[in-house]
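Notes for the one structure printed next.
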Amino acid sequence: MHTQPSLTTTEIMTIILGCEQTLRFVQASPNYKQIEASEKFSTSNDLRLGDAVQALMEIHEAILNIEFYSQVEGQTYAFNDSLRGCLKSS
């Protein structure tokens, strides 16, 4: 039986950023630009490589937001607990 690897958030972010940079590298290639500029280049939803890059950027940002809010919520709870302690001793 094959199990899926467990990735940390840092590893996930590194992979996403690596994919984004790789796609940007391909997108900047003169050969790829020529391919994409062809009138015969077509996708079912009119997607281009830039759309994939944009999607990866948005996913990266969403993960950063989750990380940020997780830290803020943890600090808020710690702050609230310390306030309760101050209020109880008043």
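PHE41: net charge of surrounding residues, Cβ under 14 Å, Lys/Arg +1, Asp/Glu -1, itself excluded?
Working: positive: LYS33, LYS40, ARG48; negative: GLU36, GLU39, ASP46, ASP51.
With Lys, Arg at +1 and Asp, Glu at -1, the net is -1.
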Which order do you get for TYR32, TYR69 if you rank them by accessible area with a 1.4 Å probe, largest at the top? TYR69, TYR32
How far apart, in nm, are two points set 7 Å out from the Cα along the Cα-to-Cβ line at TYR69 and at GLU36? 3.1 nm
Starting from the stretch 2-52, pick out the GluC sites (Glu not before Pro) whose DSSP state is loop and whose Cβ has at most 10 other Cβ atoms within 10 Å. GLU39
For the pair LEU7 and ALA28, what calculated FRET efficiency results from E = 1/(1 + (r/R0)^6), where r is the Cβ-Cβ distance and R0 = 25 Å, to the nearest 0.05? 0.35
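The values are calculated or read from the model by the stated rules, or taken from the named source; none is laboratory data. Everything numeric in this text was worked out from a predicted model, so none of it was measured. We place every Cβ from the backbone using ideal geometry, glycine too, and count neighbours over all the protein chains shown. Just so you know, the surface numbers come from the protein's heavy atoms only, side chains and all, with ligands and any DNA or RNA stripped out. Shrake-Rupley method; radii C 1.70, N 1.55, O 1.52, S 1.80 Å.
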